Amino acid sequence: MTALVDASLLADVQRFGAADVSACFSCGNCTAICPLSTNDATFPRRLIRYAQVGMKDALLSSKELWTCYYCGECSDTCPTQADPGGFMAAARRYAIASYDRTHLARTMYTSPVLGSVIAVLLAAFFAVFMYASHGPQNAASLALFQFIPEELIHNTGVAVMILVFLAGLAGVATMARGIARREQITVRDVVGSRAGLKRSTQALWVALGIESLGQRRYRVDCETVQEAQPWYRRRWFIHAATMWGFLGLLTATILDYGLALLGIKATGTPVPIWYPVRLLGTVAGIALIYGTSLLILDRLRGANRSARDSTAADWMLLALLWVTGASGFLIELALYLPQPPLWGYWVFLFHVSVAMELVLLAPFMKFAHAVYRPVALFFYALAEHRGTEGS
């Protein structure tokens, strides 16, 4: 098979934050020290080589690109200071932009000023759109959630979720086709036979249960340099708290509106803390605030190499996540006061606008890892199972 060469690939990846890896001469030090390279003797230096020689398709279809959690050990010990860890992070940003057909992800990553303007305008659009249909401000118990019509929020949320789903699906399909073609995995290998279904089920459990939920590789293999840190301060736990906090809040919001549609509980009705949906939202909100606060603090302090290499888009995502979680707790406080305070109405409008923006931008920013990484890990586990059976 003839490989197409893109001479501008390395320069393009560098626009996403990569250091100049032209200094890399494939000595193998990064491979030797990487705790995740046990099953692949050329990871991560092979991916660097792809960029150096312009093998764009090979880079974008490498499942190994998403197995790196940027612990920074390879960069700290690189004899030429080529920063392979930083390259891998930039290559993942480049991949997100390449899978995206709208080019919005590329703008967010490579044009910080324009990306910030887009984010501000998007939040302003949602705020003006919602406010145009606002209701009265009064002392009724549910007035806070009647300030912006519930039906408008629901319909807008559904539209946003559909757009996000379609954008994510298109990106995942592009990624999956590339990896499957490169790994020579066919539909039959996945679902075409009883053996294929068994392998796929095992690989799915590894990707979603063990790796994404359990954070095994990040927690066990990539945290050896932070053994002195307490568990609640380790990077894997902060990462998990942020990701699952956001997904938990999204799930709680969907369930709350679902219960309202079924006539079980009106949206915004005060309920005890142990009420399942409220308990889920509270725990998820605490996790989100905790995770994002520590991520922001680590970046301000430059606590590790990954934190020092943050892009403007990374900062924007953290800000949106933190503001969404914090404003959500302020709304809860306003809801449980004897009368809804005036500031509660504006916090509610602000929260809804930012939350809509956050969900809409998720596939085009770093949070896309939550989708692309499990897909890559699925193929990684599938290849391992297939290799074990063939040996």
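All of the numbers you see were taken from the coordinates with simple rules; none came from a lab. Since we're looking at a predicted model, the values are computed, not measured. Using ideal geometry, Cβ is built from the backbone for each residue, glycine included, and neighbour counts are taken over all protein chains shown.
Descriptive notes on the structure:
- Placing +1 on the Cβ of every Lys and Arg and -1 on the Cβ of every Asp and Glu, with nothing else charged, gives segment 9-99 a dipole about its Cα centre of roughly 220 debye.
- By the count of other C-beta atoms within 10 Å, a proxy for reagent exposure, PHE16, PHE364 are ordered fewest to most as PHE16, PHE364.
- Each of PHE237, ILE162, ILE179 was scored by the projection of its Cα onto the charge dipole of segment 160-275, and the greatest displacement toward the positive side belongs to ILE179; charges sit on the C-beta of Lys, Arg, Asp and Glu.
- For the chain, the Cβ-based charge dipole about the Cα centre amounts to some 620 debye (Lys, Arg positive; Asp, Glu negative; other atoms uncharged).
- log₁₀ of I(q)/I(0) at q = 0.08, 0.12, 0.13 Å⁻¹ - the chain, Debye sum with one point per alpha carbon: -0.47, -1.00, -1.14
- Degrees between helix 276-301 axis and first principal axis of the chain (Cα, 0 to 90, nearest 10): 50 degrees
- Dipole-positive endmost among PRO149, LEU213, TRP315 within the chain (Cβ charges, Cα centre): LEU213
- Since only CYS78, LEU9, ALA32 are under comparison, the one whose Cα sits farthest along the positive direction of the charge dipole of segment 9-99, derived from C-beta charges on Lys, Arg, Asp and Glu, is LEU9.
- Between helix 150-183 and the chain: long-axis angle, C-alpha atoms, 0 to 90°, nearest 10: 10 degrees
- Contact order normalised by residue count of the chain, Cα under 8 Å, 6+ apart, percent: 23 percent
- Remark on segment 142-223: Rg and Dmax equal 19.8, 58 Å (Cα only).
- When TYR380, TYR372 are sorted by how many other C-beta atoms sit within 10 angstrom of their C-beta, beginning with the fewest, the order is TYR372, TYR380.
- Summed side-chain charge close to VAL158 - residues other than VAL158 whose Cβ falls under 15 Å, Lys, Arg +1, Asp, Glu -1: -3
- Value of [θ]222 nm, deg cm²/dmol, for the chain, DSSP H segments ≥ 4, -39500 (n - 2.57) each, nearest 500: -20500 deg cm²/dmol
- Principal-axis tilt of helix 342-361 within the chain, Cα atoms, nearest 10 degrees: 30 degrees
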